[in-house]
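What follows is one structure encoded as structure tokens, with my remarks underneath.
Each value in this text was obtained by applying a stated rule to the coordinates, not by laboratory testing. Quick caveat: nothing in here was measured; it's all calculated off a predicted structure. Neighbour counts are summed over all protein chains in view; Cβ atoms, including those assigned to glycine, are modelled from backbone coordinates with ideal geometry.
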Amino acid sequence: MTEDHRDTLPAELDAGYVGPYTFPDPARRRGVGVIWLAVAATAGLAVVLRGSDGVLVNGALAPLAIGCALIGGYHLIAGYHLKVREGDALVAASREVGFSVGHASAQLGFRGLRSRPTWRLLLYSAENPPEQRGLVLVDAINGQVLDKLVENNPEDPAIWAGG
């Protein structure tokens, strides 16, 4: 292996710069919930109309209808609209940490039984190398800062200097 060799992504896998990524709205779960409820209604209707002692329509369809209805109902109540986007969450997090932000990363996670969307933001201070870092949780429904952790950056600055 030569010293000129660099680890690179094969050309057929490199999409290049495709623009900013927009996280899909979790409210799409509601459409899936409606499909589950339609399957539940169809199975329940088959049991009511045909009874539960047939070959194709038997006693197994009633528990299926109940299970599909529960899953569909959960999808409907967990289908929050994403009202706070990552840019707005970054602004809220920047106000909380108390330092000028350089590099930052945002991830959408879900919390609680109803899967409420929450932005998790990792922020580094603007110095080179960064002296501080912070982790901020921002509610993706109302923009409220839920929690924050700010600390001095424990990483070795020699990493950024190439040492």
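Once both axes come from the Cα atoms, what is the angle between helix 29-50 and the longest principal axis of the chain, in degrees from 0 to 90, rounded to 10?
Result, in degrees: 10.
Reported to two decimal places, what Rg/Rh ratio describes the chain when computed on Cα atoms with Rh from the Kirkwood expression?
Value, to two decimals: 1.22.
Would you kindly derive the ³J(HN,Hα) couplings of the range 68-84 from the backbone phi angles with the Karplus curve 6.51 cos²θ - 1.76 cosθ + 1.60 (θ = phi - 60°), listing them in order in whole Hz, with x for Gly and Pro?
Along the range 68-84, the couplings run 5, 5, 5, 5, x, x, 4, 4, 5, 7, 8, x, 5, 7, 7, 8, 10 Hz.
Rounded to the nearest 20 Debye, what is the dipole magnitude of the chain about its Cα centre when Lys and Arg each give +1 and Asp and Glu each give -1 at the C-beta?
The dipole magnitude comes to about 1240 debye.
Amide H of Glu131: which non-local residues (sequence gap of 5 or more, or other chain) have their own amide H closer than 5 Å, using H built in the peptide plane?
Long-range HN contacts for Glu131: Ser125.
Looking at the range 26-77, I'd like the Rg to Rh ratio, where Rg is from alpha-carbon atoms and Rh is Kirkwood's inverse mean 1/r.
Value, to two decimals: 1.09.
Along the charge dipole of the chain, Cβ charges K/R +1 and D/E -1, which of Ala93, Gly33, Gly109 sits furthest on the positive end?
Gly33
Apply the Kirkwood formula to the range 82-159: the hydrodynamic radius equals the inverse of the mean of 1/r over all pairs of different alpha-carbon atoms; give it in Å with one decimal.
With all distinct Cα pairs of the range 82-159 included, I get 12.7 Å.
Given Cβ point charges of +1 (Lys, Arg) and -1 (Asp, Glu) and nothing else, what value in debye, to the nearest 20, does the dipole of the range 67-157 about its Cα centre take?
Magnitude of the dipole: close to 600 debye.
Write down Rg/Rh for the range 96-139, rounded to two decimals, with Rg from the C-alpha atoms and Rh from the Kirkwood relation over Cα pairs.
Reported Rg/Rh, Kirkwood definition of Rh: 1.11.
Just grab the label-to-label distance for Asp147 and Leu56, each label 7 Å out from Cα along the Cβ direction, in nm (one decimal).
5.2
What residues qualify as long-range amide H neighbours of Ala140, i.e. H under 5 Å apart, gap of 5 or more or another chain, H built at 1.01 Å from N?
HN-HN under 5 Å from Ala140: Thr118, Trp119.
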